[in-house]
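**Q** Following this message is one structure expressed as structure tokens.
The values are calculated or read from the model by the stated rules, or taken from the named source; none is laboratory data. Since the model is a prediction, treat every value here as computed from it, not as a measurement. Cβ: placed from backbone, ideal geometry, glycine included. Neighbour counts: every protein chain shown. With ligands, DNA and RNA removed, areas are computed over all heavy atoms of the protein, side chains included. Shrake-Rupley method; radii C 1.70, N 1.55, O 1.52, S 1.80 Å.
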Amino acid sequence: PPLRDNASADADDDGKAEGGAEAEAWPDKETKDDKDGKAKGGKPAKSGKGGKGGKAGKAGAEAAEATEAEAPPLVRSWIPADGAELNGDDVAIAEAALGALALLCIHKEMREKMREPFSARAPPPGDAEETDDATSETGSTLATVVSLLERGVPSKLQRAAASALAAACHNGDKASASEAVALGAVTHLQRLARTERAGRASGGGDRTGTGGAAVEGVSESSAIARAALVDICRAFPSGQLWYTGELPMTLPTGDDFYAVTSDVPLSDLRALAELPVTPNAPTVLLVRDADAEFNALVEQARTALSPAALGTGSAVSALAKLVSDAMGGVIGYDEYEKMDFAPEAQALMEQHGSRVIPLAQLRTGGARERALLFKALADRCGLLATLATGRNVRGAHAYHSWNVVASDGELAVVDLLHTPGATFKLGSDQARRYQRIDEFAFSSLCSEGPVFEMPSKEYRARVRAHLLGDQRSIAAAM
């Protein structure tokens, strides 16, 4: 049954005293139609069966739906606007309310209500005086949940808020995830996800030094925060690329897709556009269908790729060459590490007064820009392709990216830089070299051999002896 507050219980007692019948704020028992259905149908009415009993059962179901529609405001009234001011029983009540809210979020309608401005229906627990305006609007329920992730809020409430946030964004609810990002939820969740490491580093206690019992709580907070991060970021493509470093073939970029590098905190597009433009600042690349330059490239790609050729090497090669031509042409391995693409990006940022720049306005681009453009065009032409980014954020391989395609029945990495249109079987030495797998941040790109080579037995023995600190073993290995 829906959650009932103390005011409802008082009303029940008053109702019994005055008329002998319970007064209920929420219909969590049989309705009159349900009782009629039992009397006329002989047994509890089921929806769609039993004649008049079925109609009564349907009426009962409609009443239940109406109750569920009113439940979020009731639950919301038990969630405080400032969790730092609560303690004791109030924390337990708010924690239970957040748990109820998480359960309600399995319904799409409930998630929509969480994004709507909240109309206060009742005073929060512990308030002695009722407000004059019983329907005054405050921020959305989702905003209140995010505020409970802030520092100073009891850890129980933080964990419950993270769980409710994960439920609100579960099953790919893009609208809720986007609003949560705009409210700064990702920054709070990242901090909570790091508390486990901090707790272990301090010797197993929590911030208050209460010892072993707190370690479990810290670990639980970290796990719940990471789960919420996953649910938020996977709900929309921009977040997934930022968090996991990859977009699968089945997830298209879509309109207003923006690529944020992993060393920049994830936020909504408006907040990212307000970041200060500084020299060598990481750019936020925007893919917008309304951009004339991008539309022109989409038309060229659709002309070059016939629907019958999709999934073949010829279609992949044609699109790769188009992307290469749009981004400055062929760049050899020996030239790539000397190329500097920053000046053009810096000029565009200063021109727009923002770090967010339209991708298609670039006339030169490296691996990151080309891979994103290839993925965006492939999505709009029906060609299956992934987008992946490397782990380095500095050096010659900073923000290196690549695409994997299904070409002639096998997965392959497509070359957009050095031999545009060529494909390398996924896992091969050529593919690993293009992907810069296992490369150091400042290692050279000019090596012609395989990227990953096992060190010799003698070298391994020297390293092992050095790590063990045995000078005699070092001398013997030499």
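**Q** Taking θ as phi - 60°, what are the ³J(HN,Hα) couplings along segment 168-180 by the Karplus curve (6.51, -1.76, 1.60), each to the nearest whole Hz, with x for Gly and Pro?
**A** For segment 168-180, the Karplus-derived couplings read 5, 9, 5, 6, x, 6, 5, 5, 5, 5, 5, 5, 4 Hz, x marking Gly and Pro.
**Q** Once you put a point 7 Å from the Cα of A290 and another 7 Å from the Cα of V264, both along the Cβ direction, what distance in nm separates them?
**A** My value for the distance between the label points is 2.0 nm.
**Q** What is the spin-label model distance, in nm, from T303 to R363 if the labels are put 7 Å beyond Cα along the C-beta direction?
**A** So the two model labels end up 2.1 nm from each other.
**Q** Considering only protein heavy atoms, with the full assembly of protein chains and a 1.4 angstrom probe, order Y258, Y333, Y243 by accessible area, largest first.
**A** The most accessible residue leads, giving Y243, Y333, Y258.
**Q** Can you give me the long-range amide H partners of V356? Hydrogens built in the peptide plane at 1.01 Å from N, cutoff under 5 Å, separation of 5 or more residues or another chain.
**A** Residues meeting the amide H criterion: V284.
**Q** While we're here: Where does the charge balance sit around A301 when Lys and Arg score +1, Asp and Glu -1, over other residues with C-beta under 14 Å from its C-beta?
**A** Charge balance near A301 sits at 0.
**Q** Turning to a different aspect of this structure: Grab the other residues whose beta carbon is less than 15 angstrom from that of A271, score K and R as +1, D and E as -1, and report the net.
**A** -2
**Q** Any chance you could run the full-extension gain for Q351 through D89? It's 0.36 nm times the residue separation minus the Cα-Cα distance, nm to one decimal.
**A** Using 0.36 nm per residue and subtracting the Cα-Cα distance, I get 88.8 nm.
**Q** To the nearest Å, what is the center-to-center distance of segment 164-191 and segment 261-322, using C-alpha atoms only?
**A** Taking the Cα centre of each part, segment 164-191 and segment 261-322 sit 25 Å apart.
**Q** Right, next: Search the structure for amide H atoms under 5 Å from the amide H of S140, placed 1.01 Å from N in the peptide plane, and list their residues when 5 or more places away or on another chain.
**A** The answer is F118.
**Q** Check F341: other-chain or 5+ apart residues with amide H under 5 Å from its amide H, H built from backbone geometry?
**A** none
**Q** Hey, with R₀ at 25 Å, roughly what FRET efficiency would E337 and R194 work out to, going by the Cβ-Cβ distance, to 0.05?
**A** Efficiency computed from Cβ-Cβ geometry: 0.15.
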